[in-house]
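Written out below as C-alpha cells is the structure these notes cover.
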Amino acid sequence: MNLRSLVKIVNKGQFIRPILNYVVHYLESDKTDKNKNIVNYINVLKLKWDVKYDEALEIIDKEIKR
C-alpha cells in the first residue's frame, strides 16, 4: 500500500474506519517493519477521531524521536 492511496481513503473521514481496521490488520500481519509508519499514521488518525489527542501526540512524539 502506498501513501497516496491511503490519503484518498482517509479523506472519507471516520466512517471509513472499518476499512482502515482491515488495512491495519493486513499490514501488521506482515512481519517486516516496513509498514510501521503507515500503521502508526492510521492509529493516530483513529485516536484523533476519538478525541484522544494526548495518546495521539505520544505516538507522534515517539515516532519523531526514532
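The values are calculated or read from the model by the stated rules, or taken from the named source; none is laboratory data. Predicted model only: the values in this text are computed from it and were never measured. A quick note on method: Cβ atoms are made from the backbone with ideal geometry, for glycine too, and the neighbour counts reach across all protein chains shown.
The rows are residues; the columns are (1) at pLDDT 90 or above; (2) among the basic types (Lys, Arg).
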| residue | (1), (2) |
| --- | --- |
| SER5 | no, no |
| LYS8 | no, yes |
| GLY13 | no, no |
| ILE19 | no, no |
| TYR22 | yes, no |
| ASN35 | no, no |
| LYS48 | yes, yes |
| GLU55 | yes, no |
| ILE64 | yes, no |
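When LYS34 is tested against (1) under 27 Å from LYS65 (Cβ atoms); (2) in contact with a helix residue (DSSP H, G or I) (Cβ under 7 Å, 6 or more places away or on another chain); (3) exposed (fewer than 14 other Cβ atoms within 10 Å of the Cβ), only condition (2) is not met.
Look at segment 35-53: where a residue is free of Cβ contacts under 8 Å to residues at least 12 places away in the same chain and a partner is small (Gly, Ala, Ser) and in a helix (DSSP H, G or I), sitting 6+ places away or on another chain with Cβ atoms under 7 Å, you get LYS48/ALA56. Listed by first and then second residue, the pairs with beta-carbon distance under 8 Å, at least 6 apart or on different chains, first residue in segment 1-28 and surrounded by 14 or more Cβ atoms within 10 Å (Cβ to Cβ) and hydrophobic (A, V, I, L, M, F, W, C), second part of a helix (DSSP H, G or I) and at pLDDT below 85, are ILE16/ILE9; ILE16/VAL10; LEU20/ILE9; LEU20/VAL10; VAL23/LEU6; VAL23/ILE9.
Each row is one residue, and each column tells you yes or no for (1) under 13 Å from the mean Cα position of the chain (by Cα); (2) assigned to a helix (DSSP H, G or I); (3) among the β-branched types (Val, Ile, Thr).
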position	(1), (2), (3)
ILE9	yes, yes, yes
ILE16	yes, yes, yes
ASP33	no, no, no
VAL39	yes, yes, yes
ASN43	yes, yes, no
ILE59	yes, yes, yes
